[in-house]
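Participant: What follows is a structure written as C-alpha cells; I'll ask about it next.
The values are calculated or read from the model by the stated rules, or taken from the named source; none is laboratory data. Here the structure is a predicted model, which means the values were calculated and not measured. Ideal geometry is used to build each Cβ from the backbone, glycine not excepted, and the neighbour counts take in all protein chains shown.
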Amino acid sequence: MTTPSFPSQPQVRVSEHERDTIVQRVQQAFADGRISSGEMEERLERALTAGSHSDLAAAVADLPGDVPGEVLRLKSTKGRVRRTGDWRVPRELRIESEYGGVSLDLSQAVIEHPELDIDLRLQYGSATILLPAGATADIDGVELEWGEAVTRVPGRRRPGRLHVRVTGSMAYGRLKVRYRRAWFRTYR
C-alpha cells in the first residue's frame, strides 16, 4: 500500500482509506517530533473534513512521503524468510526470495492497522501465511507460473477484522493462507 498520489487528480473525492492513511501520517509526524500538538490537531481536522484530494494533500504537504516503519522489506537469495511470535507488523510487507521459502505467522503478531498488504516476489519456493482468528485474506493479486495458491480463510472483508491483501508473483511454488491450527492435549 502506498500513500495516495494526489496531484494527478486533485478534485477527485477521497475515500475513507485515503483519509485514514493521511491521519496516520499526521499522527506519526507528531510522534516523530516534526509538528506540535496544536499543529497536529489542525492537520487532523483538515484531513478528517477533506472532500477532495487537494484538500487532503494540504494536511501533509510539508511532511515526508513515507511514514517510517510503514513498509518492511525482507530479501533472501538462498535462505528462508521467517517471522513468528510477538512481532510488530507494518502496514506493508515486501518480500523477495530467489531460492527459499517464506513463513509469516501473524497469529500472535502486533498489527495496528485494519488492512495489511503483502507483496510476494518468489522464484523457487513456497509461502505460508498464518492469520489471526477471524482475519480475512484476498489472494487474487498473486500471479502464478507453475504453482498454486490456496486459501482456507474467507476472502471478503469483515468489519472490525484484519484484512490481508496478497499480491506479487511466484514462478514455482505454493502459497497457503490459513489460520493457525490449535493443538490440544488431553491428560488423564
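Participant: Please tell me if residue 150 is surrounded by fewer than 16 Cβ atoms within 10 Å (Cβ to Cβ), without any contact (Cβ under 8 Å) to a residue 40 or more places away in the chain and assigned to a strand (DSSP E or B).
Facilitator: Values: surrounded by fewer than 16 Cβ atoms within 10 Å (Cβ to Cβ): yes; without any contact (Cβ under 8 Å) to a residue 40 or more places away in the chain: yes; assigned to a strand (DSSP E or B): yes.
For residue 150, the condition - surrounded by fewer than 16 Cβ atoms within 10 Å (Cβ to Cβ), without any contact (Cβ under 8 Å) to a residue 40 or more places away in the chain and assigned to a strand (DSSP E or B) - is met.
Participant: Moving on. Name the residues in the stretch 25-49 that are closer than 25 Å to residue 92 by Cα and in contact with a helix residue (DSSP H, G or I) (Cβ under 8 Å, 6 or more places away or on another chain), would you?
Facilitator: Of all residues in the stretch 25-49, those closer than 25 Å to residue 92 by Cα come to 25-35, 40, 43-44, 47-48.
If the condition is that a residue be closer than 25 Å to residue 92 by Cα and in contact with a helix residue (DSSP H, G or I) (Cβ under 8 Å, 6 or more places away or on another chain), then 26, 27, 29, 30, 35, 40, 43, 44, 47, 48 are the ones that fit.
Participant: Let me ask something else. Pick from the stretch 29-39 the residues that are closer than 26 Å to residue 117 by Cβ and surrounded by fewer than 18 Cβ atoms within 10 Å (Cβ to Cβ): which of them is farthest from the chain's Cα centre (by Cα)?
Facilitator: 34
Participant: Counting only residues that are aliphatic (A, V, I, L, M), give me the strands (runs of 3 or more DSSP E) lying completely in the stretch 65-137 with at least 2 of them.
Facilitator: Working: elements: 71-76, 81-83, 92-99, 102-105, 115-124, 127-131.
Fully inside the stretch 65-137 and qualifying: 71-76, 92-99, 102-105, 115-124, 127-131.
Participant: Can you tell me how many residues in the stretch 88-101 are under 14 Å from the mean Cα position of the chain (by Cα) and of a type in the set (Phe, Trp, Tyr)? Walk me through it before giving the result.
Facilitator: To start, the set of residues in the stretch 88-101 that are under 14 Å from the mean Cα position of the chain (by Cα) comprises 88-95.
Next, from what is left, pick out any that are of a type in the set (Phe, Trp, Tyr): none.
Here the count works out to 0.
Participant: Being under 30 Å from residue 131 (Cα atoms), β-branched (Val, Ile, Thr) and out of contact with any Asp or Glu (no Cβ under 6 Å at 6 or more places or on another chain) narrows it down to one residue among 71, 26; which is it?
Facilitator: Working: 71 fails: out of contact with any Asp or Glu (no Cβ under 6 Å at 6 or more places or on another chain).
Criteria check complete, one pass: 26.
Participant: Still on this structure, I have one more. Can residue 89 be described as under 23 Å from residue 117 (Cα atoms), among the β-branched types (Val, Ile, Thr), assigned by TED's automatic domain parsing to the domain that holds residue 114 and in contact with a Leu (Cβ under 7 Å, 6 or more places away or on another chain)?
Facilitator: Numbers: under 23 Å from residue 117 (Cα atoms): yes; among the β-branched types (Val, Ile, Thr): yes; assigned by TED's automatic domain parsing to the domain that holds residue 114: yes; in contact with a Leu (Cβ under 7 Å, 6 or more places away or on another chain): yes.
It is true that residue 89 is under 23 Å from residue 117 (Cα atoms), among the β-branched types (Val, Ile, Thr), assigned by TED's automatic domain parsing to the domain that holds residue 114 and in contact with a Leu (Cβ under 7 Å, 6 or more places away or on another chain).
Participant: Related question: Is it true that residue 72 is under 29 Å from residue 29 (Cα atoms) and modelled with pLDDT under 90?
Facilitator: Values: under 29 Å from residue 29 (Cα atoms): yes; modelled with pLDDT under 90: yes.
Spelling it out, residue 72 is indeed under 29 Å from residue 29 (Cα atoms) and modelled with pLDDT under 90.
Participant: Hey, another quick one. Residue check, residue 176 against (1) over 16 Å from residue 84 (Cβ atoms); (2) touching a residue at least 40 places away in the same chain (Cβ under 8 Å); (3) charged (D, E, K, R); (4) surrounded by fewer than 19 Cβ atoms within 10 Å (Cβ to Cβ), all met but one. Which one?
Facilitator: That leaves (1) as the condition not met.
Participant: Please find, within the stretch 118-129, the residue that is farthest from the chain's Cα centre (by Cα) out of those that are crowded, with 19+ Cβ neighbours inside 10 Å and over 10 Å from residue 168 (Cβ atoms). Break it down into steps so the answer makes sense when it comes.
Facilitator: Taking the stretch 118-129 as the starting set, the residues that turn out to be crowded, with 19+ Cβ neighbours inside 10 Å are 118-120, 122, 125, 127, 129.
Add one more test, that the residue is over 10 Å from residue 168 (Cβ atoms), and what stays is 125, 129.
Details: 125: 22, 129: 13 Å.
The selected residue is 125.
Participant: Scanning for something closer than 18 Å to residue 71 by Cβ, surrounded by 14 or more Cβ atoms within 10 Å (Cβ to Cβ), acidic (Asp, Glu) and in contact (Cβ under 8 Å) with a residue 24 or more places away in the chain, does the stretch 130-144 turn up at least one residue?
Facilitator: Initially, the stretch 130-144 is screened for residues closer than 18 Å to residue 71 by Cβ, giving 141.
Next, only the ones that are surrounded by 14 or more Cβ atoms within 10 Å (Cβ to Cβ) stay: 141.
Restricting the remaining residues to those that are acidic (Asp, Glu) gives none.
Scanning the stretch 130-144 turns up no residue that is closer than 18 Å to residue 71 by Cβ, surrounded by 14 or more Cβ atoms within 10 Å (Cβ to Cβ), acidic (Asp, Glu) and in contact (Cβ under 8 Å) with a residue 24 or more places away in the chain.
Participant: Still on this structure, please answer the following. Quick check on the stretch 59-87: of everything there that is surrounded by 15 or more Cβ atoms within 10 Å (Cβ to Cβ) and among the small types (Gly, Ala, Ser), which residue is farthest from the chain's Cα centre (by Cα)?
Facilitator: Ranking the candidates gives 59 first.
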